[in-house]
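Report on the structure given below.
Throughout, read-outs are computed from the coordinates displayed, never taken from laboratory work. None of the values given here were measured: they were computed from a predicted structure. Because the Cβ atoms are built from the backbone with ideal geometry, glycine has one as well, and the counts that use them run over all protein chains shown.
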Amino acid sequence: MQDNPSTQGSLVLYKSRPAVVTAVSDKIDIELEGGKSKRVRPKDIQLLHPGPLHGFPALEGPEGNVTEAWELVAGDETDLEELAQLVYGVYDPASAWAAWQLVVEGLYFEGEPRRIKARTADQVAADKADREARRAEEEAWNGFLLRLKKEKIEDQDRERLREVERLALGRTGGSRIMQALGIQETPAYAHRLLLNTGYWEPEHNPYPARSDITPADPDIEVPSLPDEPRRDLTHLPAFAIDDEGSEDPDDAVSLDGDRIWVHVADVSALVTPDSPLDAEARARGSNLYLPDRIIHMLPPGMTGVLGVGLEETSPALSLGFRLDAAGKPVDLELVRSSIRASRFSYADIDRRMEEEPFATLGRLARDYRRRRMEAGAVNIDLPEVRVRVSGDGNIRVSPLERLASRSMVTDLMLMAGEVVAMFALEKEIPVPYATQAPPAEPGRPTDMAGMFAFRRQLKPSRSKSLEEPHAGLGLNAYCRVTSPLRRYQDLVTHQQLRAYLDGGPMLPVSVMSERIAVAEVASDAVRRTERLSNLHWKLIYLQRDPGWRGTGIVVEMNDRRATLVVPELALESRVRLPGDLPLNTELSLAVREIDLTDQKVWFKVIS
């Protein structure tokens, strides 16, 4: 085989593609496929055939016997000219190019044009098996993609789709499958693909996993209660008042003359700072209340030991105080206690609000609420609902009733938080304060549209180590203290109060602030997950009832596009109207379309 590519018309190799020499001088002019010309150095090209080559169509491959040539060369070396003759019986530009493609293919031969070696039988067999496997995999892959496009998968496809599931759950940022289908690689689009193909049922709730929520309750041994003195308050009737079906009763109320008692589950008796239980609760931030289940911050066994009213007597941290003439809680008495509590629902107590002690507690709560409202407390009465999913998958959406008993208990718990905050300031006990900045423009909206607009001004509540006002509650200082079984911030307050009672060391402000910051991040994720999960199940509820009819209230208008609140679902949506309507107009609605993955529902107005 010749080395010199300087002859006009020679077939040469340039960057793995064929080229024809068109002129030779100090450099070499070549023509590439497609008619483009280029001037190159001799070392940039390799001679495949001296030519003449009359155009690239002449390189169309001839027929030949590759395996026979491979067997003849086995254990030896050859060059391109001889290989072309062995395989195709001739050495011309077409056979030279075809022979070189056999070398490039690398199954039977390998090397350079002047030194080509036949590969061993073992190498060829291994490569054939590998190439067959890759071909089969490519066929399987293409078949899989085709089934996805048709939205009809087979059982064996489910393992591949775990990659898309990881994206839908926020555990990875990309997906080869989504790329191949030309679908945007986001959790929402992955969710849609899994729904459309039937990999997930519509009921599948991805939001806890997307927020990286631990899916199970803590599995930590619950210690025994310490043997310590407790004041016996079992002579005081104590009422643990909660929603129907509540599983974690952590507070109760009593009245002793003019002294209000708020009894709170004594969680810090078992959960000490830096214990495994404390670290677990801090990482979780709070209980996660999903429509179909509860994921607890502390082991459920803790509720069995400490839950108020679950046993004949309950250990408590009891807060006794009075309201002064201005409606401010004062004269805190803080004791570890034993109480005898009875459990009731809000509806139970609402029927007894004219009886004692509820009539007096209700009056005191109204006095307290009046003081808060005069101090600028915000009262937004937008619709709220409870979404519950039973074990058999039945969904129940029920309005949260505006009961006098619920308002009473809310204000009694706020009293406890305020009086503890003032006590902590007086005694220099570091506690996390719940704060909220005031709205940009104060207001007292009374209609649905006004409350909807005013809510947008409200800043989120934040935990701080120094007291600041909580504008939404109308309080100058406030800390959360009545839910230590289900909220880490309350638990830290209990730990600090217990340390004060014991005369032991309290967490310094810097350490307490770090812990609260960790828990607040987790709590934010919990609140977001609860909101998204409730909306998910509301949409499933509507999806299951295509004949649903309801009422929407116009709370915002913008160029014939109305924002609606649907009270019976506590749901917001938008609808385009023929013209603008007055705010607070009621419209009759039916469902037009639901998108589970984008969490949107579109309604149509019906007459």
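Residues whose amide H comes within less than 5 Å of that of Arg486, counting only those at least five positions distant or on another chain, are absent (H built at 1.01 Å from N in the peptide plane). By the beta-carbon count within 10 Å of each Cβ, the least crowded to most crowded order of Phe603, Phe344, fewest first, is Phe344, Phe603. Among the GluC sites (Glu not before Pro) found in the stretch 426-498, those both in a DSSP coil and sparsely packed, with 16 or fewer other Cβ atoms within 10 Å of their Cβ, are Glu428.
Adding -39500 (n - 2.57) for every DSSP H run of four residues or longer, then dividing by how many residues the chain holds, sets the calculated 222 nm ellipticity at -11000 deg cm²/dmol. Expressed as a whole percent, the proportion of Cα-Cα pairs in the stretch 32-188 lying more than 20 Å apart is 65%.
Determine, for Arg498, Arg486, the number of other Cβ atoms within 10 Å of each Cβ, and report the residues in order from fewest to most.
Arg498, Arg486
Highest mean packing first, where packing is the average number of other Cβ atoms within 10 Å per residue, the peptides 40-51, 209-220, 474-485 line up as 474-485, 40-51, 209-220. In the chain, the longest principal axis of the Cα atoms and the axis of helix 187-196 are about 80 degrees apart.
Just rank Ser37, Ser16, Ser513, fewest to most, by other beta-carbon atoms within 10 angstrom. Working shown, then result.
Numbers: Ser37 12, Ser16 7, Ser513 17.
The order, fewest Cβ neighbours first, is Ser16, Ser37, Ser513.
State the extension gain, in nm to one decimal, for the chain segment bounded by Ala188 and Leu532, taking 0.36 nm per residue of separation less the distance between their alpha-carbons.
The span from Ala188 to Leu532 would gain 122.6 nm if fully extended.
Please sort by residue number the GluC sites (Glu not before Pro) in the stretch 117-193 whose DSSP state is loop and whose Cβ has at most 12 other Cβ atoms within 10 Å.
Working: sites: Glu132, Glu137, Glu138, Glu139, Glu151, Glu154, Glu159, Glu163, Glu165, Glu185; in loops: Glu151, Glu154, Glu185.
Sparse-neighbourhood loop GluC sites (Glu not before Pro): Glu151, Glu154.
Pairs from the table (Lys427/Lys459; Lys328/Lys427; Lys15/Lys38) lying more than 23 angstrom apart at Cα are Lys427/Lys459.
Computed with the Debye formula from one identical point scatterer per Cα of the chain, without solvent, the log10 of I(q)/I(0) at q = 0.06, 0.07, 0.08 Å⁻¹ comes to -0.54, -0.64, -0.72. Out of every Cα-Cα pair that the stretch 231-536 contains, those further apart than 38 angstrom amount to 8 percent. Bridgeable aspartates and glutamates around Lys128 (alpha carbons under 18 Å apart, same-chain partners fewer than 8 residues away excluded): Glu68, Glu71, Glu105, Glu110, Glu137, Glu138, Glu139. Give me the net charge of Thr303's neighbourhood, meaning all other residues with Cβ under 10 Å from the Cβ of Thr303; Lys, Arg count +1, Asp, Glu -1. Around Thr303, the charge tally is -2. In the frame of its principal axes, the stretch 454-607 has Cα extents of 70, 32, 21 Å, reported largest first.
What is the stretch 123-200's relative contact order, in percent, from Cα pairs under 8 angstrom and six or more apart in sequence? It comes to 28 percent, rounded to a whole number. For the chain, the longest principal axis of the alpha carbon atoms and the long axis of helix 93-105 meet at an angle near 40°. With coordinates expressed along the principal axes, the C-alpha atoms belonging to the stretch 545-606 extend over 29, 21, 20 Å, beginning with the largest. Given R0 = 30 Å, the distance between the Cβ atoms of Ala74 and Glu132 translates into a calculated FRET efficiency of 0.85.
Of Lys149/Lys600; Lys150/Lys604; Lys43/Lys117; Lys27/Lys117, which sit over 28 Å apart, Cα to Cα? Each step should come with its number before you reach the end.
Working: Lys149/Lys600 24 Å; Lys150/Lys604 30 Å; Lys43/Lys117 23 Å; Lys27/Lys117 32 Å.
Among Lys149/Lys600; Lys150/Lys604; Lys43/Lys117; Lys27/Lys117, the Cα-Cα distance tops 28 Å for Lys150/Lys604; Lys27/Lys117.
Sorted by average packing, counted as other Cβ atoms within 10 angstrom per residue and highest first, what order do 275-284, 67-76 take? Display every interim value, and only then the final one.
On the way: 275-284: 19.0, 67-76: 14.2.
Highest-to-lowest ranking by the protection proxy: 275-284, 67-76.
Along the stretch 458-473 the Karplus relation, 6.51 cos²θ - 1.76 cosθ + 1.60 evaluated at θ = phi - 60°, assigns HN-Hα couplings of 6, 7, x, 6, 10, 8, 9, 7, 10, 5, 9, x, 10, 4, x, 8 Hz to successive residues, with x for each Gly and Pro. Distant-in-sequence amide contacts of Val335, defined by a placed amide H-H separation under 5 Å and a gap of 5 or more residues or a different chain, comprise Ser318, Gly320. Would you list, by chain and number, the aspartates and glutamates whose Cα falls below 14 Å from the Cα of Lys538, excluding same-chain residues fewer than 8 positions away? The reachable aspartates and glutamates, counting only those whose Cα sits under 14 Å from Lys538, are Glu203, Asp292, Glu384, Glu530, Glu568, Glu572, Glu593, Asp595, Asp598. Here the scattering of the stretch 123-200 is modelled by Debye summation over its C-alpha atoms, one equal scatterer each and no solvent; at q = 0.11, 0.14, 0.24 Å⁻¹ the log10 of I(q)/I(0) is -0.33, -0.49, -1.06. At full extension, Asp44 and Met373 could sit 109.7 nm farther apart than now, given 0.36 nm per residue minus the alpha carbon distance.
Near the amide H of Ala477, within less than 5 Å, lie the amide hydrogens of His470, all on another chain or at least 5 residues away, with H placed in the peptide plane. Couplings 3J(HN,Hα) of the stretch 277-294, computed from phi: 5, 5, 5, 5, 5, 5, 5, 8, x, 6, 5, 10, 9, 9, x, 9, 5, 10 Hz, in residue order, whole Hz [Karplus 6.51 cos²θ - 1.76 cosθ + 1.60, θ = phi - 60°; x for Gly and Pro]. The angle separating the long axis of helix 404-427 from the principal Cα axis of greatest extent in the chain is about 90 degrees.
What the phi angles of the stretch 74-79 give under the Karplus curve with 6.51, -1.76 and 1.60, with θ = phi - 60°, is a coupling list of 3, x, 9, 10, 8, 10 Hz, glycine and proline written as x.
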